[in-house]
1. Can you find even one residue in the range 23-31 that is assigned to a loop (DSSP other than H, G, I, E, B) and closer than 22 Å to ARG92 by Cα?
2. Restricting attention to the range 88-107, report how many residues are in a loop (DSSP other than H, G, I, E, B), modelled with pLDDT of 70 or more and aliphatic (A, V, I, L, M).
3. How many residues, within the range 8-17, are farther than 23 Å from ASP101 by Cβ and assigned to a loop (DSSP other than H, G, I, E, B)?
4. Which residue out of VAL5, VAL20 is in a loop (DSSP other than H, G, I, E, B), modelled with pLDDT under 90, out of contact with any His (no Cβ under 9 Å at 6 or more places or on another chain) and within 17 Å of GLY91 (Cβ to Cβ)?
5. Among (1) more than 19 Å from ALA21 (Cα to Cα); (2) without any contact (Cβ under 8 Å) to a residue 24 or more places away in the chain; (3) in a helix (DSSP H, G or I); (4) not hydrophobic (A, V, I, L, M, F, W, C), which single condition is ASN43 missing?
6. Of all residues in the range 23-54 being aliphatic (A, V, I, L, M) and more than 18 Å from the chain's Cα centre (by Cα), which is modelled with the highest pLDDT?
7. Could you check, for the range 55-68, whether at least one of its residues is at pLDDT 85 or above, in contact with a Lys or Arg (Cβ under 6 Å, 6 or more places away or on another chain) and over 21 Å from LYS31 (Cβ atoms)?
8. Answer yes or no as to whether ASP85 is in a loop (DSSP other than H, G, I, E, B), under 28 Å from PRO6 (Cβ atoms) and either modelled with pLDDT under 85 or out of contact with any Asp or Glu (no Cβ under 8 Å at 6 or more places or on another chain) (or both).
Amino acid sequence: MSGPVPRTVFNAPLTERRAVAFASIPLADMKTVNNAFGGSITNVFLAACTLSLRAWLQRHDAVPDGPLLMQVPLSLPDADATTVDNQLTFGRIRIPVQLDDPVQVPDRPPCRHRQA
């Protein structure tokens with residue numbers, strides 16, 4: 001990944017205060033969105049995460065002018081179908097939180113993988 005990454009509130013030192021939020025989206029709903037716009041279920045998931053993060057940044061008046069860089073775990077396809085273990089890698093993707101239209105979120109975000 002080349003190019004600048006905007007500084008955000010996430011670059012600040014960590015404090016003792018923490019908050020966590022969870023959400024549940026039925027797979028059928030994700031498939032409906034996927035069928036309407038194409039791409040993949042992963043792209044629908046990433047678009048939902050991107051827009052949720054954008055909403056948080058908007059509430060804190062901190063939406064950057066460019067995309068953020070995020071590291072995510074990715075499952076690798078199992079070359080040996082006889083094993084049960086999961087092979088993971090980490091990918092770095094740019095999430096376009098500066099965009100307010102989920103349709104504008106790229107179909108395939110640029111990604112760089114690193115073997116775990």
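1. Step one: of the range 23-31, the residues assigned to a loop (DSSP other than H, G, I, E, B) are 23-26.
Next cut, closer than 22 Å to ARG92 by Cα only: none.
No, because not a single residue in the range 23-31 is assigned to a loop (DSSP other than H, G, I, E, B) and closer than 22 Å to ARG92 by Cα.
2. Narrowing the range 88-107 to residues in a loop (DSSP other than H, G, I, E, B): 96-101, 105-107.
From what's left, modelled with pLDDT of 70 or more: 96-101.
Narrowing the set further to residues that are aliphatic (A, V, I, L, M) leaves 97, 99.
Count: 2.
3. Residues that pass the stated criteria total 6.
4. Details: VAL20 fails: within 17 Å of GLY91 (Cβ to Cβ).
Sole residue among the options that is in a loop (DSSP other than H, G, I, E, B), modelled with pLDDT under 90, out of contact with any His (no Cβ under 9 Å at 6 or more places or on another chain) and within 17 Å of GLY91 (Cβ to Cβ): VAL5.
5. Failed condition: (2).
6. Of all residues in the range 23-54, those aliphatic (A, V, I, L, M) come to 23, 25, 27-28, 30, 33, 36, 41, 44, 46-48, 51, 53.
Still in the list and also more than 18 Å from the chain's Cα centre (by Cα): 28, 36.
Working: ALA28: 95, ALA36: 91.
Across the range 23-54, the extreme among qualifying residues is ALA28.
7. Initial filter on the range 55-68 (at pLDDT 85 or above): 55-68.
With the extra rule that they be in contact with a Lys or Arg (Cβ under 6 Å, 6 or more places away or on another chain), the set shrinks to 67.
Then drop every residue that is not over 21 Å from LYS31 (Cβ atoms), which leaves 67.
The answer is yes; a qualifying residue exists.
8. Numbers: in a loop (DSSP other than H, G, I, E, B): yes; under 28 Å from PRO6 (Cβ atoms): no; either modelled with pLDDT under 85 or out of contact with any Asp or Glu (no Cβ under 8 Å at 6 or more places or on another chain) (or both): yes.
Judged against the criteria, ASP85 is not a match.
The values are calculated or read from the model by the stated rules, or taken from the named source; none is laboratory data. Note that the structure is predicted; figures quoted are calculated from it, not measured. Note that we place each Cβ from the backbone using ideal geometry, even for glycine, and neighbour counts take in every protein chain shown. To get the accessible areas, we keep the full protein, side chains included, count just its heavy atoms, and leave off ligands, DNA and RNA. Shrake-Rupley method; radii C 1.70, N 1.55, O 1.52, S 1.80 Å.
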